[in-house]
Amino acid sequence: MISLSDAEQKAIKFVMEEWELSNQEKDWLMINNSRKIDDKWWYIVEVAVKDLPDKWVIQVYDDGECDPCYTFSSPFSATETNAKLESLPQGLATALAEERLGYI
């Protein structure tokens, strides 16, 4: 069984690989919340973007694998896909804009 800290790092790595983000863009990602699911063999990890309400909710199994069927949550509507993305690196801004549109 991996630790909660390991699960958090696996979730960040998953988001980075899913969207082909650079190491520089990793600095913009943070753990918003994480917890082990009681009596189960997985963790739920929320990966957020600094200073934004957007987040990926990733299920990380005890063997370190991440479920590819994750949830993306954002309060921005499809008409606000580029809201508050100006200061972000291009790859991360693109990932958020596409997630907000529901393309993945």
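The values are calculated or read from the model by the stated rules, or taken from the named source; none is laboratory data. As the structure is a computational prediction, the values presented were derived from the model and not from experiment. Neighbour counts run over all protein chains shown; Cβ positions are idealised from the backbone, glycine included. Just so you know, the surface numbers come from the protein's heavy atoms only, side chains and all, with ligands and any DNA or RNA stripped out. Shrake-Rupley method; radii C 1.70, N 1.55, O 1.52, S 1.80 Å.
A 1.4 Å probe run over the protein chains yields, for the chain, 59 Å² of accessible area per residue, whole-number rounding.
Judged by the gyration tensor of its Cα atoms, with axes a ≥ b ≥ c, the chain is prolate; a/c meets the 1.5 cut and a/b is the larger of a/b and b/c. Applying a threshold of 22 Å to the alpha-carbon distances of K10/K84; K55/K84; K36/K84 flags K10/K84; K36/K84 as lying beyond it. Remark: the Cα gyration tensor places region 28-82 in the prolate category, a/c being 1.5 or greater and a/b exceeding b/c. The region of the chain that goes longest without hitting one of the GluC sites (Glu not before Pro) in a DSSP loop, each with at most 11 other Cβ atoms within 10 Å, is 21-85.
Cα axis of helix 4-18 to longest principal axis of the chain: angle in degrees, 0 to 90, nearest 10? Its long axis makes an angle of about 40 degrees. Relative contact order, whole percent, for the chain stands at 24, derived from Cα pairs under 8 Å and 6 or more residues apart. Measuring with a 1.4 angstrom probe and ignoring ligands and nucleic acids, S22 comes out at about 50 Å² accessible.
Relative to the current alpha-carbon distance between L4 and L101, full extension at 0.36 nm per residue lengthens the span by 31.9 nm.
Annotation: aspartates and glutamates with alpha-carbon distance below 16 angstrom to K13 (same-chain offsets under eight excluded): E25, D27, E46, D62, D63, E65, D67. Loop-located chymotrypsin sites (Phe, Trp or Tyr not before Pro) in region 19-104 (DSSP state not H, G, I, E or B) with no more than 11 neighbouring Cβ atoms inside 10 Å: W41, Y103. Applying a DSSP loop filter and a limit of 14 other Cβ atoms within 10 Å to the trypsin sites (Lys or Arg not before Pro) in region 3-104 leaves K40, K50.
Phi-derived couplings, Karplus 6.51 cos²θ - 1.76 cosθ + 1.60 at θ = phi - 60°, listed residue by residue for region 53-66: x, 5, 7, 9, 10, 10, 9, 10, 7, 5, 8, x, 7, 9 Hz, with x used for Gly and Pro.
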